1. Write out, first by first residue and then by second, each pair whose Cβ atoms fall under 7 Å of each other, whose residues are 6+ apart or on separate chains, and whose first residue, in region 105-122, is more than 15 Å from VAL22 (Cα to Cα) while the second is open to solvent by less than 70 Å² (accessible area, probe 1.4 Å) and in a loop (DSSP other than H, G, I, E, B).
2. Would region 12-35 turn up any residue that is on the phi > 0 side of the Ramachandran plot and open to solvent by 20 Å² or more (accessible area, probe 1.4 Å)?
3. Taking region 131-156 as the search range and keeping residues that are under 13 Å from the mean Cα position of the chain (by Cα), of a type in the set (Gly, Ala, Ser) and open to solvent by less than 60 Å² (accessible area, probe 1.4 Å), which one is farthest from ARG83 (Cα to Cα)?
4. Report yes if some residue within region 32-41 is at pLDDT 90 or above, assigned to a loop (DSSP other than H, G, I, E, B) and either farther than 23 Å from ALA119 by Cα or out of contact with any helix residue (DSSP H, G or I) (no Cβ under 8 Å at 6 or more places or on another chain) (or both); otherwise report no.
5. Go through region 17-31 and report how many residues are within 14 Å of VAL104 (Cα to Cα) and either among the charged types (D, E, K, R) or not in a loop (DSSP other than H, G, I, E, B) (or both).
6. Have a look at ALA128, ALA96 and point out the one that is within 28 Å of ALA188 (Cβ to Cβ), surrounded by fewer than 16 Cβ atoms within 10 Å (Cβ to Cβ) and within 11 Å of the chain's Cα centre (by Cα).
7. Right, ALA79: outside any helix (DSSP H, G or I), open to solvent by less than 60 Å² (accessible area, probe 1.4 Å) and either without any contact (Cβ under 8 Å) to a residue 12 or more places away in the chain or over 13 Å from LYS12 (Cα atoms) (or both) or not?
8. Which residue pairs have Cβ atoms closer than 6 Å, lie 6 or more positions apart in sequence or on different chains, and pair a first residue in region 10-28 that is more than 17 Å from ALA114 (Cα to Cα) with a second residue that is open to solvent by 30 Å² or more (accessible area, probe 1.4 Å)?
Amino acid sequence: MPKVGMEPVRRKALVDATLRAVGDHGSLTVTMSEIARHAGVSPALAHHYFGSKEQLVIETIRSLLRQLRADAVAALREADTPRERLSAVIRVNFQAHQFAPETVAAWLAFYSEAQRSEAVRRLLVVYARRLNSSLLSSLKQLCPAENAAQIADGAAAMIDGLYLRQGLRSAPVSIATSIALTESYVDAQLAAVAGGVGAAAGRRAPVTEKR
């Protein structure tokens, strides 16, 4: 019988072991027995806590999303202006622990699994919507809504693309470079919107003839 109070510890150990094992394999071909061995528990106990490997994989993704959300909340709490909050969202998605090789490999495996598993696909959609919403919330305070939506889509695509490029071990992009590229894109888009709005206002300004 499991020791009282050990369930949360062992559940976390199994989630952490799943992330490492999937990352090491680069796919979800890892077995429940291998995961249990990584966690230092028996396969029977792993099945007792999660029922199946799919449920354990889903809980692993949920754990990653919870951590990402908690990191975002903490970072946003320290930001004062809309532009600072936008930078906070960008930085959170490029944190060092998110760039650990096994974590990157695991995310790639999860995206691949989403083509077959509706439960995994839904969780990744939740992530995408949260990222877009976080970006959009600040951008709407910096430019018109239609421009904000377009810039948010572009920034989210850059964040995901730069992150997934970490899977190309031969051509990785550093954390600092990834942040700088995304920030540069956002700054350029905001400047273009500001310039366009200014030019449009100038065109609309009435011309007063001198008498």
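The values are calculated or read from the model by the stated rules, or taken from the named source; none is laboratory data. Since the model is a prediction, treat every value here as computed from it, not as a measurement. As a convention, Cβ positions derive from the backbone with ideal geometry for all residues, glycine included, and neighbour counts pool all protein chains shown. These accessible areas exclude ligands, DNA and RNA; they are computed on the full protein's heavy atoms, side chains included. Shrake-Rupley method; radii C 1.70, N 1.55, O 1.52, S 1.80 Å.
1. Within 7 Å, the pairs are ARG121/ALA114.
2. Let us first name the residues in region 12-35 that are on the phi > 0 side of the Ramachandran plot, namely 26.
Okay, now just the ones that are also open to solvent by 20 Å² or more (accessible area, probe 1.4 Å), so 26.
So far as region 12-35 goes, yes, one or more of its residues are on the phi > 0 side of the Ramachandran plot and open to solvent by 20 Å² or more (accessible area, probe 1.4 Å).
3. Step one: of region 131-156, the residues under 13 Å from the mean Cα position of the chain (by Cα) are 131-135, 155-156.
With of a type in the set (Gly, Ala, Ser) added as a condition, the list becomes 133-134, 155-156.
Of the ones still in play, those that are also open to solvent by less than 60 Å² (accessible area, probe 1.4 Å) are 134, 155-156.
On the way: SER134: 12, ALA155: 14, ALA156: 16 Å.
Among those residues, the one meeting the criterion is ALA156.
4. yes
5. Taking region 17-31 and keeping what is within 14 Å of VAL104 (Cα to Cα), we get 18-28.
Adding the requirement that they be either among the charged types (D, E, K, R) or not in a loop (DSSP other than H, G, I, E, B) (or both) leaves 18-25.
So the answer is 8.
6. Working: ALA96 fails: within 11 Å of the chain's Cα centre (by Cα).
Sole residue among the options that is within 28 Å of ALA188 (Cβ to Cβ), surrounded by fewer than 16 Cβ atoms within 10 Å (Cβ to Cβ) and within 11 Å of the chain's Cα centre (by Cα): ALA128.
7. Numbers: outside any helix (DSSP H, G or I): yes; open to solvent by less than 60 Å² (accessible area, probe 1.4 Å): yes; either without any contact (Cβ under 8 Å) to a residue 12 or more places away in the chain or over 13 Å from LYS12 (Cα atoms) (or both): yes.
Yes.
8. VAL15/GLU59; VAL15/SER63; ALA17/HIS38; ARG20/HIS38; ARG20/GLU102; ALA21/GLU34; ALA21/HIS38
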